[in-house]
Amino acid sequence: MSTSSDSAISSLRFPFQETVEAEGHLIDSQILELVFDEVVQYGGRFEVEEFRIGRTNEEPSYLRLRVATPTQDAMQRLLQNLSANGCYPVAGGDARLQRVERDCCAPEDFYSSTNHRTLVRVDGEWLEVRNQRMDALLVVEQGAVYARRLRDLRAGDAVVVGLHGVRVIPGAKERDRHAFAFMSNGVSSERQVEMAVRQTASLMRHTRERGQDVVIVAGPVVIHTGGVEPVSRLIRAGLVQALLAGNALGVHDIEAALLGTSLGVRLRDGRLEEHGHRNHMRAINRIYHCGDIRGAVEQKVLTRGILYECVRGGVPFVLAGSLRDDGPLPDTVTDMNRAQDLYATHLRSAGMVLCLGSMLHSIAVGNMLPSWVKIVCVDINPAVATKISDRGTGQLLPVITDVGLFLDLLARHVDGGDDRHRDPEHSLSEEIE
Ligand SMILES: NC(=O)c1ccc[n+]([C@@H]2O[C@H](COP(=O)([O-])OP(=O)(O)OC[C@H]3O[C@@H](n4cnc5c(N)ncnc54)[C@H](O)[C@@H]3O)[C@@H](O)[C@H]2O)c1
């Protein structure tokens, strides 16, 4: 940190000074504005030493800025926030590393990751962090850098401390806005849902064409609103590579498949089934008799529904436990660390995640993903999408609507209303009677 006197900033009032630089789509990604706001927020001053604007839609802009604060503490916190926006000190060198002394115990000054692409300078070379996610530590191991959660830290690990030698590349706003456009206010809500469906369908296809996975994250409201058939069709169309959910989705999907109700309400006509309140427990009991969900499919007890399609199509699913769970189903993973690990494993190859009516699981997944993976979040409550984007997920398409309606439109769009796979001799209403 210098106390230069050739700057226009008073070194008496602002003795702690540093030169920082940033490169990227600084204007249309609003990074410039964010950087200036951060300096002011910490009671500091800035002076632009150099600014070069990118002259084409590909060319990045470059900013070199002198920042100054009245206290050292303010400077430390300012640099931390600037680095999260891709603005880092010019005076560099390698990242500082410190050995971990005890499992799960990091040095006090550890660097905590964002979900943006990050580079770490090791032996003069900038290395890209692997398994990028937020709220992780950066561990340098055999010439590579890994984002590692605190609970996975082991004695002897070399973790990055401080901010020097770390570069964050914040997500740039998509230049190809047709691929992932945001809804404009002037469009009616029905039209917005139609547009969102079209974009989602095309994103799913593009993701598969690029060889990446489409992952569905879903809550039980998918079943209550009639989403079983549309999701089944998406799975059969080969457009889903993993399903991440909780116990409730499994329970109600199986209840619907075996008994034609969801939480005791008949899916056929929306009326409450007599003694229907015990149907979800009957469903769980039936699965226990078969060992687990796969066993129920193999024994032909479970012959339809989302989980049936997953087993039949070899699509992996994870049902994470929670305090609210009934049963739970034998497949539900009640060790929360293990459930998080399994979610993370299936998200590793995701190019796109479709979050459907689960605040808990959608936000959890948002926290696990790097910022460049696209998320379509369908929920009746706008707060869910806001929460995900607040944590820095740049590639989010929020769809505020009923999830059953959205899924129905999506499945029609994807397979043109194809119902070849429906078995007319096996309708839900017949099972109830
Ligand atoms: N019987 C059970 O075992 C049981 C029952 C319920 C929940 N749970 C468990 O509790 C946890 C949280 O459950 P959750 O994810 O359902 O709850 P949640 O509150 O986290 O999310 C539910 C979301 O659905 C949205 N929503 C409601 N109606 C909608 C509609 N028509 N269209 C679109 N969105 C709609 C809400 O706005 C909310 O964001 C999960 O782990 C779940 O498995 C268990």
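None of the figures in this text is laboratory data; all of them are computed from the coordinates on show. Quick caveat: nothing in here was measured; it's all calculated off a predicted structure. Cβ sites come from the backbone with ideal geometry, for glycine too, and all protein chains shown count toward neighbours.
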Report the FRET efficiency, 1/(1 + (r/R0)^6), for R191 and T386, where r is their Cβ-Cβ distance and R0 is 30 Å, rounded to 0.05. 0.85
Relative contact order of the chain (C-alpha contacts under 8 Å, at least 6 apart) in percent is 14
Could the peptides 84-90, 339-345, 150-156 be put in order, highest first, of the mean number of other beta-carbon atoms found within 10 Å of their residues? 84-90, 339-345, 150-156
Return the inverse of the average 1/r over all pairs of distinct C-alpha atoms in the chain, which is the Kirkwood hydrodynamic radius, in Å to one decimal. 24.1
Between the modelled labels at S11 and L150 (7 Å from Cα along Cα→Cβ) the distance in nm is 3.9
For H164, what is the net charge nearby, where nearby means another residue's Cβ is under 12 Å from its Cβ and Lys, Arg count +1, Asp, Glu -1? 0
Zero-based 5 Å bins, Cα pair distances in the range 204-279, whole percents: 3, 16, 24, 20, 14, 10, 7, 4, 2, 0
How do 21-27, 384-390 rank on mean C-beta neighbours within 10 Å, highest first? 21-27, 384-390
Please report the antiparallel percentage of DSSP beta bridges with both residues in the chain, rounded to the nearest 5. 60
Could you compute the net charge surrounding S349? Neighbours are other residues with a C-beta less than 12 Å from the C-beta of S349; K and R count +1, D and E count -1. +2
By how many degrees, 0 to 90 and rounded to 10, does the Cα axis of helix 72-84 deviate from the longest principal axis of the chain? 50
Sort 352-359, 11-18, 114-121 for me by packing, meaning the mean count of neighbouring Cβ atoms within 10 Å per residue, highest on top. 352-359, 114-121, 11-18
Relative contact order (%) - the range 92-173, alpha-carbon pairs under 8 angstrom, separation at least six: 42
Taking the Cβ of A136 as the centre, find all other residues whose Cβ is under 13 Å away and add up their charges (Lys, Arg: +1; Asp, Glu: -1). +2
First measure r as the distance between the Cβ atoms of R77 and S202, then evaluate 1/(1 + (r/R0)^6) with R0 = 30 Å and state the FRET efficiency to the nearest 0.05. 0.10
Percent antiparallel among DSSP beta bridges confined to the range 189-432, nearest 5, equals 10
